[in-house]
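Undergrad: One structure coming up, written as structure tokens, with questions to follow.
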Amino acid sequence: MEGTNNRVICPVVYVKSGMVYINRDCSILFTCPDNCSAARYYSNQGAEIFAVIEYSDSDAEHEKNLTCIKGLVAEAEIPVFAGGQVKRFEDVKKYLYTGAEKALFLFHKDTQEKALPEAAARFGKEKIVCVCNGVQPASQDIQEYVGEFCIIEGLGELPEGQYHYQLVSGEEAVAKMSKKVLSCHLLWNQLKTNSDGLIPVVVQDYRTNQVLMLAYMDEKAYQHTLDTGKMTYYSRSRKELWVKGLTSGHFQYVKELLADCDKDTLLAKVSQIGNACHTGSYSCFFEEILKKDYRAVNPLEVLTKEYQTILDRKAHPKEGSYTNYLFDKGMDKILKKVGEEATEIIIAAKNPDPEEIKYEISDFLYHVMVLMAEKGVTWEDITREISNR
């Protein structure tokens, strides 16, 4: 992990009145050159952790800031720490409910210490990060309730050991992270190239595994990818190095690079900005040649497709639709059905035949998805929450 004095560099932004700033006094708005959120931008620059500290003078502003943080977390590809205005245990819960992996406590605010014991008991100390101000190390009492500690750059230096992160803002964070080179388990000379000294690269979206494109690398492109984290290829038509997105802004940030069993083909899993194809299509593979009917078995793919159908029914009601019947009857009816289906699962579980419980779980998941659609919760929200645990 990249760090200064053995501390992990953690980019930090500040949120006030629902706006994102790069400095503590909230005078400089964050602007992203890659057309993505701050969290995703810093992830693409090589960050492993991202932090958000919010300031609010009222409950209304606090709620507005929480909505902003939720948006940042939704775009994040790395763990997010969030906090700033902790006055009671419920505030910690709200930060974690934005999807943040851990809640930030500001050590120099006495009011925040009072919420520590209950928060640690409810969520576990591993969900709490304490931000120290560089004046004194944390007391033993505080250490009992805190999993990790960090300091904000510019507010002093503290002894090594218990302090794990260094919060850095603005271009300083990018500068520090740019010194990091991706670790590599295979050197170029260990790969097998074709007669032109090139190796084909299949490119996938790291989140969905959708194939985006096929390109080629030479040794310089391979090394440039490792040095910058941006997918770089060799253009066979122009006969030159090609940083994907340099002219269009549609960069590809590498998440994983794999070689096949013969080491003559690479698979790159990337975070794609914009579209991969020059035609404007997200993927270069869209010309259908043939298609057979088949049953999808990927769990998330099946659930996502069913969820999209439910959303479509909500947006475009269809006469006689059971889904629209539930939406029309409202939340109480939806909750009643969720409860009934949960009970059916319990009853089915007492039956030694597994077929019945499969049927009941399927019914339950359908009604849960109706509830999710009604509350604006997606499967991505659910899977992110599960991965945080």
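The values are calculated or read from the model by the stated rules, or taken from the named source; none is laboratory data. Just so we're clear, the structure is a prediction, and the values are computed from it rather than from any experiment. When we count neighbours, we look across all protein chains shown, and the Cβ atoms used for this are built from the backbone with ideal geometry, even at glycine. Heads up: the accessible areas ignore ligands, DNA and RNA and are worked out on the full protein's heavy atoms, side chains in. Shrake-Rupley method; radii C 1.70, N 1.55, O 1.52, S 1.80 Å.
Undergrad: When you go through (1) within 24 Å of ASN35 (Cα to Cα); (2) out of contact with any Asp or Glu (no Cβ under 7 Å at 6 or more places or on another chain); (3) at pLDDT 95 or above; (4) assigned to a strand (DSSP E or B) one by one for SER283, which number turns out not to apply?
TA: Here SER283 meets the rest and fails (4).
Undergrad: So which strands (runs of 3 or more DSSP E) are wholly in region 206-276 and hold at least 1 residues that are polar (S, T, N, Q) and within 18 Å of LEU187 (Cα to Cα)?
TA: So the answer is 232-235.
Undergrad: So, of the residues in region 298-314 that are within 16 Å of PHE364 (Cα to Cα) and among the β-branched types (Val, Ile, Thr), which turns out to be least open to solvent (accessible area, probe 1.4 Å)?
TA: Selected residue: ILE310.
Undergrad: Further, regarding this structure: Six or more apart or on different chains, Cβ under 7 Å: which pairs go from a residue in region 66-82 that's outside any strand (DSSP E or B) to one that's buried (at least 23 other Cβ atoms within 10 Å of the Cβ) and among the polar types (S, T, N, Q)? Could you list them?
TA: Going by the 7 Å Cβ cut-off, the qualifying pairs are ALA76/SER43; GLU77/SER43; ILE78/SER43.
Undergrad: For region 7-19, which positions are surrounded by fewer than 19 Cβ atoms within 10 Å (Cβ to Cβ), at pLDDT 90 or above and out of contact with any Cys (no Cβ under 7 Å at 6 or more places or on another chain)?
TA: SER17, MET19
Undergrad: Does VAL86 satisfy being open to solvent by less than 60 Å² (accessible area, probe 1.4 Å), modelled with pLDDT of 85 or more and of a type in the set (Val, Ile, Thr)?
TA: No: the conditions fail for VAL86.
Undergrad: Could you please give the count of residues in region 151-192 that are open to solvent by 60 Å² or more (accessible area, probe 1.4 Å) and at pLDDT 80 or above?
TA: Summing the residues that are open to solvent by 60 Å² or more (accessible area, probe 1.4 Å) and at pLDDT 80 or above in region 151-192 gives 6.
Undergrad: Out of the residues in region 58-77 meeting the condition of being among the acidic types (Asp, Glu) and out of contact with any strand residue (DSSP E or B) (no Cβ under 9 Å at 6 or more places or on another chain), tell me which one is modelled with the highest pLDDT.
TA: Here the answer is GLU63.
Undergrad: Just wondering, is there one or more residues in region 20-36 that are free of Cβ contacts under 8 Å to residues at least 60 places away in the same chain, small (Gly, Ala, Ser) and open to solvent by less than 60 Å² (accessible area, probe 1.4 Å)?
TA: no
Undergrad: Being in contact (Cβ under 8 Å) with a residue 40 or more places away in the chain, of a type outside the set (Ser, Thr, Tyr) and either open to solvent by 40 Å² or more (accessible area, probe 1.4 Å) or in contact with a Gly (Cβ under 6 Å, 6 or more places away or on another chain) (or both) is the filter here; which residues of region 41-64 pass it?
TA: Scanning region 41-64 gives GLN45, GLY46, GLU48, ILE53, GLU54, LYS64.
Undergrad: For region 252-287, give me each residue that is open to solvent by less than 10 Å² (accessible area, probe 1.4 Å) and touching a helix residue (DSSP H, G or I) at 6+ places or on another chain (Cβ under 7 Å).
TA: TYR253, SER271 - these are the residues of region 252-287 that are open to solvent by less than 10 Å² (accessible area, probe 1.4 Å) and touching a helix residue (DSSP H, G or I) at 6+ places or on another chain (Cβ under 7 Å).
Undergrad: Name every residue in region 204-242 that is on the phi > 0 side of the Ramachandran plot and either hydroxyl-bearing (Ser, Thr, Tyr) or surrounded by fewer than 16 Cβ atoms within 10 Å (Cβ to Cβ) (or both), in order of residue number.
TA: ASN209, LYS239
Undergrad: Here is a follow-up. How many residues are at pLDDT below 80 and basic (Lys, Arg) if we restrict to region 102-150?
TA: 2
Undergrad: Separate question: Would you confirm, using the coordinates I've provided, whether ILE334 is under 21 Å from VAL297 (Cβ atoms), within 30 Å of the chain's Cα centre (by Cα) and in a helix (DSSP H, G or I)?
TA: Numbers: under 21 Å from VAL297 (Cβ atoms): no; within 30 Å of the chain's Cα centre (by Cα): yes; in a helix (DSSP H, G or I): yes.
The answer is no for ILE334.
Undergrad: Of the residues in region 91-105, how many are touching a residue at least 40 places away in the same chain (Cβ under 8 Å), open to solvent by less than 10 Å² (accessible area, probe 1.4 Å) and part of a strand (DSSP E or B)?
TA: 2
Undergrad: For region 25-76, what are the residues that are basic (Lys, Arg) and touching a Leu at 6+ places or on another chain (Cβ under 9 Å)?
TA: Matches in region 25-76: ARG40 only.
Undergrad: Is it the case that some residue within region 295-306 is over 25 Å from the mean Cα position of the chain (by Cα) and over 27 Å from ALA215 (Cα atoms)? Outline the logic, then answer.
TA: Let us first name the residues in region 295-306 that are over 25 Å from the mean Cα position of the chain (by Cα), namely 295-296.
Okay, now just the ones that are also over 27 Å from ALA215 (Cα atoms), so 295-296.
Looking for residues that are over 25 Å from the mean Cα position of the chain (by Cα) and over 27 Å from ALA215 (Cα atoms), one finds at least one in region 295-306, hence yes.
Undergrad: Have a look at ALA51, ALA38 and point out the one that is of a type in the set (Gly, Ala, Ser) and over 17 Å from THR67 (Cβ atoms).
TA: Going through ALA51, ALA38 in turn, the sole match is ALA51.
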